[in-house]
Amino acid sequence: MNIINKRIFQNSMFCLLVIIIAMVLIPIRMHCAERSYIVVSKKKCILYVINSQDTIVAFQCGVGKNFGNKTRKSDYRTPEGTFRIVSIEKASDWTHDFEDGYGERKGAYGLCFIRLQVPKFKGIGIHGTCFPESIGTRSSEGCIRLNNEDLSKLMTHVFVGMQVVIEPDI
């Protein structure tokens, strides 16, 4: 075998080894991710990321101002049940008028909006806030609010399709 053929063979073997390793490791990573899910305790105002039975991270959060399950638009309730993340959207340029006399506020949702698939409601999600003092309280219009720093940390754990369980108030 001449030097050129030997190098081609070595490169081919290396590529094959990389492909085999990737085929083994990628399903393991996917399997771990599939077991991760979020639990939101409305009663405690805490969002948990859980993998299997272990809590990976926990963050204080803000939830809907009113108690109970969401039944209609503008009822200021956070929906209860099991949902899925359908998209993760850049929200740093989004604005919102909180009807507090200050008008539209840029950055009202923090860096991103983690949209949940909630039947009958399109605008429910997990997001940051321009009101960090509202975290740990019943303060939102129905979404789950996090400190912007905590939202950035959460982003390393979430994926489209991830299950989100929002527990009842009681």
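Here's how it looks for L116: its modeled amide H is under 5 Å from those of V86, I124, G125, I126, which are all 5 or more places away or on a different chain.
The orientation-averaged shadow of the Cα convex hull for region 26-170, equal to a quarter of the hull surface, comes to 8.5 nm². In terms of distances greater than 19 angstrom between alpha carbons, the cross-link table entries K43/K70; K70/K106; K73/K122; K90/K122; K43/K120 yield K70/K106; K43/K120. Averaged over residues, the count of other Cβ atoms within 10 Å places the peptides 64-73, 113-122 in the sequence 113-122, 64-73, highest first.
Each residue of region 143-153 was assigned a 3J(HN,Hα) from its phi angle through the Karplus expression (A = 6.51, B = -1.76, C = 1.60, θ = phi - 60°), giving 7, 9, 9, 10, 4, 4, 5, 5, 4, 4, 5 Hz with x at Gly and Pro. Evaluating 6.51 cos²θ - 1.76 cosθ + 1.60 at θ = phi - 60° for every residue in region 75-83, the Karplus couplings come out as 8, 6, 10, 8, x, 10, x, 10, 10 Hz, glycine and proline recorded as x. Counting only protein heavy atoms and a probe of 1.4 Å, the accessible surface of region 62-170 is 52% carbon and sulfur.
The values are calculated or read from the model by the stated rules, or taken from the named source; none is laboratory data. Note that this is a predicted model, so its numbers are computed, not measured. FYI the Cβ positions are ideal-geometry reconstructions off the backbone, even for glycines, and counts take in every protein chain you see. Each accessible area value is taken on the protein alone, full model and side chains, heavy atoms only, with ligands, DNA and RNA left out. Shrake-Rupley method; radii C 1.70, N 1.55, O 1.52, S 1.80 Å.
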